[in-house]
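Structure first, commentary second.
The values are calculated or read from the model by the stated rules, or taken from the named source; none is laboratory data. Keep in mind the model is a prediction, meaning the values are calculated, not measured. Quick reminder, even Gly has a Cβ in these numbers, built from the backbone with ideal geometry, and neighbours come from all protein chains shown. Quick note on the areas: whole protein, heavy atoms, side chains included, nothing else; ligands and nucleic acids left out. Shrake-Rupley method; radii C 1.70, N 1.55, O 1.52, S 1.80 Å.
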Amino acid sequence: MGLRLKFNLVLLMVFVLGLGVSGYVSYELLHKNAREEVLRTAGVMMEAALSMRAYTVGHVRPHLRTVEDEFLPQSVPAFSATEIMAQLRKKYPDYAYKEAALNPTNPRNRAVEWETDIVNEFRNNEQRKEFSGTRLTPNGLSMYLARPFQIKDADCLTCHTSPEAAPPAMIKLYGSSNGFGWKLNEVIGAQIVSVPMSLPIQNADRAFYTFMGSLTAVFVVLFAILNDMLSL
(Lines give C-alpha, C1' and ligand atoms only; values in the text may rest on other atoms or scores of the structure.)
Protein backbone atom coordinates (compact mmCIF):
# COMPACT_ATOMS: atom_id res chain seq x y z
CA MET A 1 0.00 0.00 0.00
CA GLY A 2 1.53 3.26 -1.12
CA LEU A 3 2.02 6.31 1.09
CA ARG A 4 -0.49 8.34 -0.90
CA LEU A 5 -3.17 5.69 -0.53
CA LYS A 6 -2.52 5.44 3.21
CA PHE A 7 -2.74 9.21 3.50
CA ASN A 8 -6.06 9.27 1.65
CA LEU A 9 -7.50 6.46 3.76
CA VAL A 10 -6.49 8.18 7.02
CA LEU A 11 -7.88 11.48 5.74
CA LEU A 12 -11.14 9.78 4.74
CA MET A 13 -11.46 8.08 8.15
CA VAL A 14 -10.86 11.40 9.93
CA PHE A 15 -13.47 13.06 7.75
CA VAL A 16 -16.07 10.33 8.31
CA LEU A 17 -15.48 10.43 12.07
CA GLY A 18 -15.57 14.22 12.18
CA LEU A 19 -18.67 14.35 9.98
CA GLY A 20 -20.44 11.83 12.20
CA VAL A 21 -19.63 13.69 15.43
CA SER A 22 -20.43 17.08 13.94
CA GLY A 23 -23.65 15.75 12.44
CA TYR A 24 -24.83 14.26 15.73
CA VAL A 25 -24.02 17.37 17.77
CA SER A 26 -25.51 19.82 15.26
CA TYR A 27 -28.66 17.71 14.75
CA GLU A 28 -29.33 17.49 18.48
CA LEU A 29 -28.58 21.18 19.02
CA LEU A 30 -30.76 22.39 16.14
CA HIS A 31 -33.71 20.21 17.18
CA LYS A 32 -33.30 21.25 20.80
CA ASN A 33 -33.44 24.89 19.74
CA ALA A 34 -36.53 24.14 17.64
CA ARG A 35 -38.29 22.56 20.62
CA GLU A 36 -37.32 25.49 22.84
CA GLU A 37 -38.67 27.91 20.23
CA VAL A 38 -42.00 26.07 20.14
CA LEU A 39 -42.11 25.98 23.94
CA ARG A 40 -41.51 29.73 24.11
CA THR A 41 -44.38 30.28 21.69
CA ALA A 42 -46.62 28.06 23.81
CA GLY A 43 -45.59 30.01 26.91
CA VAL A 44 -46.50 33.31 25.27
CA MET A 45 -49.91 31.92 24.29
CA MET A 46 -50.48 30.67 27.83
CA GLU A 47 -49.63 34.06 29.33
CA ALA A 48 -51.89 35.76 26.78
CA ALA A 49 -54.79 33.52 27.82
CA LEU A 50 -54.12 34.24 31.50
CA SER A 51 -54.07 37.96 30.75
CA MET A 52 -57.43 37.66 29.02
CA ARG A 53 -58.83 35.90 32.07
CA ALA A 54 -57.51 38.61 34.38
CA TYR A 55 -58.88 41.36 32.14
CA THR A 56 -62.32 39.74 32.17
CA VAL A 57 -62.34 39.55 35.95
CA GLY A 58 -61.06 43.07 36.50
CA HIS A 59 -62.54 45.09 33.64
CA VAL A 60 -65.37 43.21 31.94
CA ARG A 61 -67.33 41.36 34.60
CA PRO A 62 -67.92 44.42 36.84
CA HIS A 63 -69.49 46.33 33.94
CA LEU A 64 -71.78 43.66 32.55
CA ARG A 65 -75.40 44.49 33.15
CA THR A 66 -77.10 41.77 35.15
CA VAL A 67 -80.46 40.77 33.77
CA GLU A 68 -82.84 38.58 35.75
CA ASP A 69 -83.13 35.03 34.45
CA GLU A 70 -80.18 35.58 32.11
CA PHE A 71 -76.70 34.11 32.46
CA LEU A 72 -73.91 35.89 30.59
CA PRO A 73 -71.08 33.50 29.60
CA GLN A 74 -68.96 36.57 28.82
CA SER A 75 -68.57 37.08 32.57
CA VAL A 76 -66.74 33.76 32.89
CA PRO A 77 -62.93 34.14 32.50
CA ALA A 78 -62.56 30.73 30.86
CA PHE A 79 -65.20 31.63 28.27
CA SER A 80 -63.52 34.90 27.29
CA ALA A 81 -60.05 33.36 27.02
CA THR A 82 -61.36 30.47 24.93
CA GLU A 83 -63.35 32.74 22.63
CA ILE A 84 -60.46 35.11 21.97
CA MET A 85 -58.04 32.28 21.33
CA ALA A 86 -60.63 30.79 18.97
CA GLN A 87 -60.33 33.97 16.90
CA LEU A 88 -56.59 33.31 16.65
CA ARG A 89 -57.28 29.81 15.35
CA LYS A 90 -59.11 31.25 12.34
CA LYS A 91 -55.74 32.43 11.03
CA TYR A 92 -53.56 29.80 12.72
CA PRO A 93 -55.73 26.65 12.85
CA ASP A 94 -52.96 24.41 14.19
CA TYR A 95 -52.63 26.49 17.35
CA ALA A 96 -55.03 25.68 20.17
CA TYR A 97 -55.97 26.70 23.70
CA LYS A 98 -58.35 24.78 25.90
CA GLU A 99 -59.35 24.76 29.53
CA ALA A 100 -59.98 21.04 29.70
CA ALA A 101 -61.96 19.80 32.71
CA LEU A 102 -63.18 16.40 33.82
CA ASN A 103 -66.54 17.80 34.90
CA PRO A 104 -67.05 21.11 33.07
CA THR A 105 -70.11 23.33 33.08
CA ASN A 106 -69.73 24.06 29.38
CA PRO A 107 -69.61 20.75 27.42
CA ARG A 108 -67.06 22.12 24.96
CA ASN A 109 -64.50 22.18 27.79
CA ARG A 110 -64.78 18.46 28.51
CA ALA A 111 -61.36 16.80 28.40
CA VAL A 112 -60.72 14.20 25.73
CA GLU A 113 -58.62 11.11 26.42
CA TRP A 114 -55.13 12.62 26.21
CA GLU A 115 -56.24 15.75 28.07
CA THR A 116 -57.74 13.58 30.82
CA ASP A 117 -54.32 12.02 31.36
CA ILE A 118 -52.84 15.50 31.83
CA VAL A 119 -55.54 16.54 34.31
CA ASN A 120 -55.10 13.34 36.31
CA GLU A 121 -51.34 13.90 36.37
CA PHE A 122 -51.92 17.26 38.07
CA ARG A 123 -54.54 15.78 40.41
CA ASN A 124 -52.21 12.98 41.46
CA ASN A 125 -49.21 15.28 41.86
CA GLU A 126 -50.38 18.62 43.20
CA GLN A 127 -46.80 19.87 43.53
CA ARG A 128 -46.43 19.85 39.78
CA LYS A 129 -47.25 23.26 38.34
CA GLU A 130 -46.41 22.82 34.67
CA PHE A 131 -45.26 20.27 32.16
CA SER A 132 -44.96 19.86 28.42
CA GLY A 133 -44.85 17.07 25.89
CA THR A 134 -45.41 16.17 22.27
CA ARG A 135 -48.18 14.29 20.53
CA LEU A 136 -48.88 13.24 16.97
CA THR A 137 -51.88 14.96 15.38
CA PRO A 138 -53.44 14.61 11.90
CA ASN A 139 -51.44 17.70 10.91
CA GLY A 140 -48.14 16.47 12.27
CA LEU A 141 -46.20 16.67 15.51
CA SER A 142 -47.50 19.15 18.08
CA MET A 143 -46.11 20.30 21.41
CA TYR A 144 -48.38 21.06 24.33
CA LEU A 145 -47.81 23.12 27.47
CA ALA A 146 -50.13 22.46 30.40
CA ARG A 147 -50.81 24.08 33.76
CA PRO A 148 -53.30 22.94 36.41
CA PHE A 149 -56.59 24.75 36.84
CA GLN A 150 -57.32 24.86 40.54
CA ILE A 151 -60.23 26.36 42.47
CA LYS A 152 -58.62 28.87 44.81
CA ASP A 153 -61.45 31.41 45.13
CA ALA A 154 -64.38 30.34 47.28
CA ASP A 155 -66.65 32.69 45.30
CA CYS A 156 -66.21 30.44 42.28
CA LEU A 157 -67.96 27.64 44.13
CA THR A 158 -71.21 29.60 44.26
CA CYS A 159 -72.12 28.25 40.84
CA HIS A 160 -70.51 24.84 41.18
CA THR A 161 -71.40 23.24 44.51
CA SER A 162 -74.84 21.92 43.55
CA PRO A 163 -77.55 22.63 40.96
CA GLU A 164 -79.82 23.95 43.71
CA ALA A 165 -77.31 26.63 44.70
CA ALA A 166 -76.43 27.64 41.13
CA PRO A 167 -78.12 30.54 39.31
CA PRO A 168 -81.27 29.28 37.55
CA ALA A 169 -80.19 31.06 34.37
CA MET A 170 -76.97 29.04 34.28
CA ILE A 171 -78.89 25.81 34.76
CA LYS A 172 -81.17 26.84 31.93
CA LEU A 173 -78.21 27.44 29.62
CA TYR A 174 -75.96 24.49 30.49
CA GLY A 175 -78.22 22.04 32.32
CA SER A 176 -77.86 20.52 35.78
CA SER A 177 -75.78 17.44 34.94
CA ASN A 178 -72.30 18.92 34.71
CA GLY A 179 -70.02 21.34 36.51
CA PHE A 180 -71.07 20.62 40.09
CA GLY A 181 -69.44 19.05 43.13
CA TRP A 182 -66.30 21.15 42.83
CA LYS A 183 -64.28 21.70 46.00
CA LEU A 184 -61.99 24.46 47.19
CA ASN A 185 -58.33 23.93 46.18
CA GLU A 186 -59.33 21.02 43.95
CA VAL A 187 -57.63 20.61 40.57
CA ILE A 188 -60.64 20.41 38.28
CA GLY A 189 -58.86 20.70 34.95
CA ALA A 190 -55.85 21.96 33.02
CA GLN A 191 -55.07 24.89 30.78
CA ILE A 192 -53.50 23.41 27.68
CA VAL A 193 -51.80 25.22 24.81
CA SER A 194 -50.90 23.26 21.67
CA VAL A 195 -48.39 24.56 19.13
CA PRO A 196 -47.39 22.81 15.88
CA MET A 197 -43.77 21.72 15.54
CA SER A 198 -43.70 21.08 11.80
CA LEU A 199 -42.28 24.45 10.69
CA PRO A 200 -39.54 24.75 13.36
CA ILE A 201 -38.51 21.14 12.71
CA GLN A 202 -38.42 21.78 8.96
CA ASN A 203 -36.24 24.83 9.55
CA ALA A 204 -33.94 22.81 11.81
CA ASP A 205 -33.66 20.04 9.22
CA ARG A 206 -32.94 22.57 6.47
CA ALA A 207 -30.18 24.16 8.55
CA PHE A 208 -28.77 20.71 9.35
CA TYR A 209 -28.63 19.58 5.72
CA THR A 210 -27.12 22.91 4.66
CA PHE A 211 -24.43 22.61 7.33
CA MET A 212 -23.62 19.00 6.47
CA GLY A 213 -23.57 19.76 2.75
CA SER A 214 -21.21 22.69 3.30
CA LEU A 215 -18.94 20.61 5.52
CA THR A 216 -18.81 17.84 2.92
CA ALA A 217 -18.04 20.35 0.16
CA VAL A 218 -15.17 21.81 2.21
CA PHE A 219 -13.71 18.35 2.73
CA VAL A 220 -13.96 17.46 -0.96
CA VAL A 221 -12.13 20.67 -1.92
CA LEU A 222 -9.51 20.11 0.79
CA PHE A 223 -9.08 16.48 -0.30
CA ALA A 224 -8.53 17.53 -3.90
CA ILE A 225 -6.04 20.27 -2.97
CA LEU A 226 -4.00 17.97 -0.72
CA ASN A 227 -3.87 15.26 -3.39
CA ASP A 228 -2.88 17.82 -5.97
CA MET A 229 -0.05 19.00 -3.70
CA LEU A 230 1.14 15.41 -3.26
CA SER A 231 1.41 15.13 -7.04
CA LEU A 232 3.88 17.99 -7.24
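Against the main long axis of the alpha-carbon atoms of the chain, helix 198-230 sits at an angle near 10°.
Set against the labelled values (1) 29; (2) 50; (3) 26, percent of Cα pairs over 28 Å apart computed from this structure falls on (2). How much net charge surrounds ALA86 when only the other residues with a Cβ under 13 Å from the Cβ of ALA86 are counted, with Lys and Arg +1 and Asp and Glu -1? Cβ neighbours under 13 Å give a net charge of +3. Extension gain for the segment TYR209 to SER162, taken as residue separation times 0.36 nm less the Cα-Cα distance, is 10.9 nm to one decimal. Residue-wise HN-Hα couplings along region 76-85, as the Karplus relation 6.51 cos²θ - 1.76 cosθ + 1.60 with θ = phi - 60° gives them from phi, are 8, x, 4, 5, 5, 5, 5, 5, 5, 5 Hz; Gly and Pro carry x. By the rule of a C-alpha distance below 25 Å, with chain neighbours fewer than 8 residues away ignored, the lysines paired with LYS183 are LYS98, LYS129, LYS152, LYS172. Considering only GLN74, GLN150, GLN127, the mean-square fluctuation computed in a Gaussian network model of the chain, springs between alpha carbons under 10 angstrom, is largest for GLN127. Look at the alpha carbon pairs under 8 Å that are at least 6 residues apart: their mean separation over the length of the chain gives a relative contact order of 26 percent. Backbone geometry of region 175-192 corresponds, through the Karplus equation with coefficients 6.51, -1.76 and 1.60 at θ = phi - 60°, to 3J(HN,Hα) couplings of x, 10, 8, 10, x, 10, x, 5, 10, 4, 6, 8, 7, 9, x, 8, 8, 10 Hz, x marking Gly and Pro. Of the chymotrypsin sites (Phe, Trp or Tyr not before Pro) found in region 1-105, none is in coil by DSSP with at most 15 other Cβ atoms within 10 Å of its Cβ. Backbone geometry of region 120-125 corresponds, through the Karplus equation with coefficients 6.51, -1.76 and 1.60 at θ = phi - 60°, to 3J(HN,Hα) couplings of 5, 4, 5, 5, 7, 9 Hz, x marking Gly and Pro.
At a probe radius of 1.4 angstrom, the accessible area of the chain per residue rounds to 62 square angstrom.
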